[in-house]
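What follows is one structure encoded as structure tokens, with my remarks underneath.
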Amino acid sequence: MPLAAVRRGFERALEWVVIALMIVLAVEVAAGVIFRYAGRALVWYDEVASVLLAWVTYYGAALAALKRSHIGVPELVRRLPPAGRVQAVLVAKACVVGFFAMLGWVGYAVLEVLASDTLVTLPGVSVAVTQSVIPVSAALFVVAELLTLPVDLQEARRP
């Protein structure tokens, strides 16, 4: 399977995850507003909304990485000679992948610490489940960076 097809499939999957999370967040917030307006506020509404917002943010950031939509300064790289551009791209990718690999590793270690904690308003839900977004999205970010590497290198080699 060509790398472009893998990238498209990964992008579609991330888009569906982000869309689903946004829909769940919108429904949950709307339900919270309606129940509060009716005088029967949901005690878990705020906590779940903040968790969902964090999930949308983390998974959305991985999607943005795949679409190469994060803030950057490409003009600095373009001003370098072609060999320098390739080295700059490789160093930048190595820094980003290294950071997210470390974030995923530490995020996973934190899950073990949080294993016995539960949400305040939903004692049946483990905090580790809610915080699993950190190592999972870090892994997704690494995959996104590696999938965009060939395109970045191709652009760096252009005269």
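The values are calculated or read from the model by the stated rules, or taken from the named source; none is laboratory data. None of the values given here were measured: they were computed from a predicted structure. Ideal geometry is used to build each Cβ from the backbone, glycine not excepted, and the neighbour counts take in all protein chains shown.
One line per residue, one yes/no per condition, for (1) over 22 Å from Pro74 (Cβ atoms); (2) over 22 Å from the mean Cα position of the chain (by Cα); (3) outside any helix (DSSP H, G or I):
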| site | (1), (2), (3) |
| --- | --- |
| Phe100 | no, no, no |
| Val106 | yes, no, no |
| Ala109 | yes, no, no |
| Leu122 | yes, yes, yes |
| Pro159 | no, yes, yes |
- Task: Identify, from the list Val129, Val136, the residue that is surrounded by fewer than 16 Cβ atoms within 10 Å (Cβ to Cβ) and either aliphatic (A, V, I, L, M) or on the phi < 0 side of the Ramachandran plot (or both).
- Result: Val129
- Message: Regarding segment 33-45, can at least one residue be identified that is assigned to a helix (DSSP H, G or I), under 21 Å from the mean Cα position of the chain (by Cα) and of a type outside the set (S, T, N, Q)?
- Response: no
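State whether the residues of segment 36-54 include one that is touching a residue at least 12 places away in the same chain (Cβ under 8 Å) and more than 30 Å from Val120 (Cα to Cα). Break it down into steps so the answer makes sense when it comes.
As a first pass, look at segment 36-54 and keep what is touching a residue at least 12 places away in the same chain (Cβ under 8 Å): 43-49, 51-54.
Those still in the list that are more than 30 Å from Val120 (Cα to Cα) too: none.
No, because not a single residue in segment 36-54 is touching a residue at least 12 places away in the same chain (Cβ under 8 Å) and more than 30 Å from Val120 (Cα to Cα).
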- Note on the structure: Going through segment 1-23 in order, the residues found to be among the charged types (D, E, K, R) and either surrounded by 15 or more Cβ atoms within 10 Å (Cβ to Cβ) or touching a strand residue (DSSP E or B) at 6+ places or on another chain (Cβ under 7 Å) (or both) are Arg7, Glu11, Glu15
- Could you look through segment 46-75, keep only residues that are touching a helix residue (DSSP H, G or I) at 6+ places or on another chain (Cβ under 6 Å) and in a loop (DSSP other than H, G, I, E, B), and pick out the one that is surrounded by the fewest Cβ atoms within 10 Å (Cβ to Cβ)? His70
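Answer with yes or no whether Gly84 is exposed (fewer than 14 other Cβ atoms within 10 Å of the Cβ), without any contact (Cβ under 8 Å) to a residue 24 or more places away in the chain and at positive phi.
Values: exposed (fewer than 14 other Cβ atoms within 10 Å of the Cβ): yes; without any contact (Cβ under 8 Å) to a residue 24 or more places away in the chain: yes; at positive phi: no.
No: the conditions fail for Gly84.
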- For Val27, state whether it is in contact with a Lys or Arg (Cβ under 6 Å, 6 or more places away or on another chain) and at negative phi. no
- Message: Looking at the structure I just gave you, is Val18 part of a helix (DSSP H, G or I), in contact with a Leu (Cβ under 9 Å, 6 or more places away or on another chain) and either modelled with pLDDT of 95 or more or of a type in the set (S, T, N, Q) (or both)?
- Response: yes
- Every pair of residues 6+ apart whose Cβ atoms lie under 7 Å, when the first sits in segment 60-74 and is touching a residue at least 40 places away in the same chain (Cβ under 8 Å) while the second is among the acidic types (Asp, Glu) and surrounded by 12 or more Cβ atoms within 10 Å (Cβ to Cβ): Leu63/Glu15; Ala65/Glu145; Leu66/Glu11
- Task: Read through the list (1) modelled with pLDDT of 95 or more; (2) in contact with a strand residue (DSSP E or B) (Cβ under 9 Å, 6 or more places away or on another chain), then give the number of the only condition that Trp105 fails.
- Result: (2)
